[in-house]
Structures are given as structure tokens and as C-alpha cells.
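The values are calculated or read from the model by the stated rules, or taken from the named source; none is laboratory data. Just so it is clear, the structure is predicted and the values come from calculations on it, not from any experiment. Cβ atoms come from the backbone with ideal geometry, glycine included; neighbour counts cover every protein chain shown.
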Amino acid sequence: MQVEGVHRPAWAEISASAIAHNVRVLKSLLEGTLVCAVVKANGYGHGAVVAAHAALDGGADWLAVAIVDEGIELRESGVTAPILLLAEIPPATITDALEHSLTLTVGSVEGAKAAMTSAEMLGGVHKVHVKVDTGMHRMGVSPDEVNDVVDLLRASPAIDLEGLFTHLSVADGSSGADREFTRGQIELFDSVVAVLDQRGTTPRVLHVANSAGALGYPGARRTMVRVGLSLYGYLPESWLGAALEGKGERLEPALTLRAKVVAVRRAPAGARPSYRRRRTLEGDATIATVPFGYADGYPRRLFDAGAEVLINGTRYPLAGTVTMDQLVVDCGDDAVALGDDVVLLGAQGDELITADEWAARAETISWEILCGIGARVPRLLVD
């Protein structure tokens, strides 16, 4: 059982209106293309149910998840919109998926056979999308096997071959090589679609673009786009913001991490707070303890990278190593009191700390930062 830490002053604030705003901004840019909101991994750390309903309120047409359990959670929350499983699932789970009206992804001949078997046993007609591997080499049907898979699926009266898609691996890359590879993936997908058209099979829903593809490659938008990171207010790379800036639009981060100061003490010059005693205080300093640690999703390496937190609208550096449950903050000679508000991610006063900043300091990506927020951190809906 996941336990949320409701008895300690540390929490995540989730803005449903920001998620809805981001969908509306993306839809205005896409001009009629369907939007599939990706809410896997607990809505990228924001809470899957909140994210799903907020995205639908903003005009999203579809939702997408990674595993069957995520789809079932959304159905049990009252979601009736189409929900796409983004990967081929084990045969033993297909019946559960179909019973909850989840749209299957088929990525192999074996997967096609398993989907047909389960669909025919269950009865009725069930929607399936075929994923084509155009160069990411992670999952999907190779282009030369697509006809075999499609023929299998079309032969079953229990299967509605609704969609065909692929996934772009470097659409956020700005180098010439990355852009050439991405264009090659799009062209390969188009060639597969052309062959199917010639054979009399045209799936109704074609989707290629993720957030980066939707923003950076207008020609990749097709029938639908799948937006993940941008749904939550972040760009995969800064250069992709040009498409939004041209329309005078911007995305709004939907998550703020907050806490309260739970201990304050005065430490003398030369003291070395926290585990391993890794930083020496240059002068006497007020040390504030904040109840948030690496078990909550605050990466340990942020200390080495010079990360800061916001207290009373001011940036303060960490005084020592990030621990499992707590941070120690060097507040210098400033007045800090028990119960003062702390912002770890988000805005306070004129200052702002973003997931992009954490990611740059931790030498990772914003996706990992957001998804890494711990299960015991309560998500509080603020609007």
C-alpha cells in the first residue's frame, strides 16, 4: 500500500487549471488534430486521476497509459474517454484490458495473435492500434512485418484495427543529425501507411508525434498527437518553445513542491552539517531543517550541484548532504522561524525553481524529476 505523508508538513500542490490550460494551448496550435494526453506513471508524478480529468476538461480527446492497472484506475474514477495502452501487454492481462475498454497496442505477430484470441473469447468488437518500429528499436512491428500483422488482425471479426502509430526517439534534438533521423522516421511511417492504403487498409487514427514532434515537426501531427511532458507545463527542449511563442502562448507548470521549516538552530563557523560532514560553514549560520529528502524525490546529487530552496522569497543553499527524509538549509544570518513556508519546486516571491533547473543540476531530464516524486508525498489539488 502506498502511504502519503499527511502527518508531516511536506506536500505537492497540483493545479488542474494549469493542465487544462496546457491542453487548450496545444489544441490551439494543432488546429484540429486530436490530442492524446499521456497520464502514465501517476500522471508524470502529478496524480493520474487528477491529470486525466484536468486534461479532458481542457479538451483532450484521448488518454494514454503504460500498463493495464493505470487504465483500470482511470476507468474506476469515471473516465469514459478512449484510453490507449502505449505498449503491447502480456497475453494474461489482455482480457482485463478489454473488459475495461482499454485500447490495445499490438507490436508483434505474437501480440496480434494473443489479442485476437482474447477478443474472440470475450466477444464483441475491440479496438487495436498497431505500433511500427521506425528506428527507436524498443518495441513495435518492423516495417516489413506490418502487412502480416494487419492481415491477421483484419481477419478477426472481434478486432477493429483503429490505429497505427510510431514513436520518435530524438524529436527534441536540435542537431542536424537528430533532425535528419526524425524526418527519416516520419518518412518511413508514411511509406508504411502508403502501402496499407494501396492494400485497402487505412486505420482511422494515425499518430506519430510526441510533445517534441507536435511542437517541432508540424508535418508529423497526422490524425492525433500524444502529449506527455508538455501537458504538465514543460518543454522537452527550449527551442521547441518557438511554436508557442509565435502564437503568444506559454505552458504553465502544474506542480509545486512545498514544505515547512520544522527545526531551526544556530551553527558556528567551521561546523559541517549532515551525513559525511561534506560542507564547512564559512561563518556562523542559521540552519533550517526541511522535512523532504531523497525518499520523497529530492535527488542526493543536487547538494553537489549547488541546489537551492526558497524560504520567504529568498534562495538559500543546502548546508549539507540530502538525507532520506530531510534537508538542511544554510540561511546565513537571515531570520527564519519554525513553520516558515519552503518552496522546493515552484515560485515564491520573485523567485522560481523549476524541474528543468533540478534536471540540469542533477544531469538528468525533467521527466525523471517529475516522475520521481515519492509516493508518500501527498498531492493536493489547489484549484
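Matching residues to (1) within 27 Å of residue 44 (Cβ to Cβ); (2) not β-branched (Val, Ile, Thr):
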position	(1), (2)
321	no, no
330	no, yes
335	no, yes
363	yes, yes
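Taken together, the residues in the stretch 173-214 that are touching a residue at least 60 places away in the same chain (Cβ under 8 Å), of a type in the set (Val, Ile, Thr) and not in a helix (DSSP H, G or I) amount to 1. State yes or no: is residue 270 in contact with a strand residue (DSSP E or B) (Cβ under 8 Å, 6 or more places away or on another chain), at pLDDT 95 or above and more than 24 Å from residue 7 (Cβ to Cβ)? The answer is no for residue 270.
The set of residues in the stretch 10-35 that are over 20 Å from residue 248 (Cα atoms), in contact with an Asp or Glu (Cβ under 8 Å, 6 or more places away or on another chain) and small (Gly, Ala, Ser) comprises 10, 15, 16.
A single entry from 226, 279, 258 fulfils the requirement of being modelled with pLDDT under 95 and surrounded by 13 or more Cβ atoms within 10 Å (Cβ to Cβ): 279.
Consider the stretch 54-70 and keep the residues that are touching a helix residue (DSSP H, G or I) at 6+ places or on another chain (Cβ under 7 Å) and in a helix (DSSP H, G or I). The one that is nearest to residue 208 (Cα to Cα) is 55. Checked against (1) in a loop (DSSP other than H, G, I, E, B); (2) free of Cβ contacts under 8 Å to residues at least 12 places away in the same chain, residue 359 passes all but condition (1). Buried (at least 19 other Cβ atoms within 10 Å of the Cβ) and on the phi > 0 side of the Ramachandran plot - does that describe any residue in the stretch 47-61? Yes, that holds for at least one residue. Right, residue 377: at pLDDT 95 or above, in a strand (DSSP E or B) and crowded, with 20+ Cβ neighbours inside 10 Å or not? For residue 377, the condition - at pLDDT 95 or above, in a strand (DSSP E or B) and crowded, with 20+ Cβ neighbours inside 10 Å - is not met. Of the set (1) under 22 Å from the mean Cα position of the chain (by Cα); (2) assigned to a helix (DSSP H, G or I); (3) surrounded by 14 or more Cβ atoms within 10 Å (Cβ to Cβ); (4) not aromatic (Phe, Trp, Tyr), all apply to residue 242 but (3).
Residue count for the stretch 141-155, restricted to those that are touching a residue at least 12 places away in the same chain (Cβ under 8 Å) and either closer than 20 Å to residue 82 by Cβ or in a helix (DSSP H, G or I) (or both): 10.
Could you tell me which residue of the stretch 15-38 is farthest from residue 223 (Cα to Cα), considering only residues that are in contact (Cβ under 8 Å) with a residue 40 or more places away in the chain and not in a helix (DSSP H, G or I)?
That would be 15.
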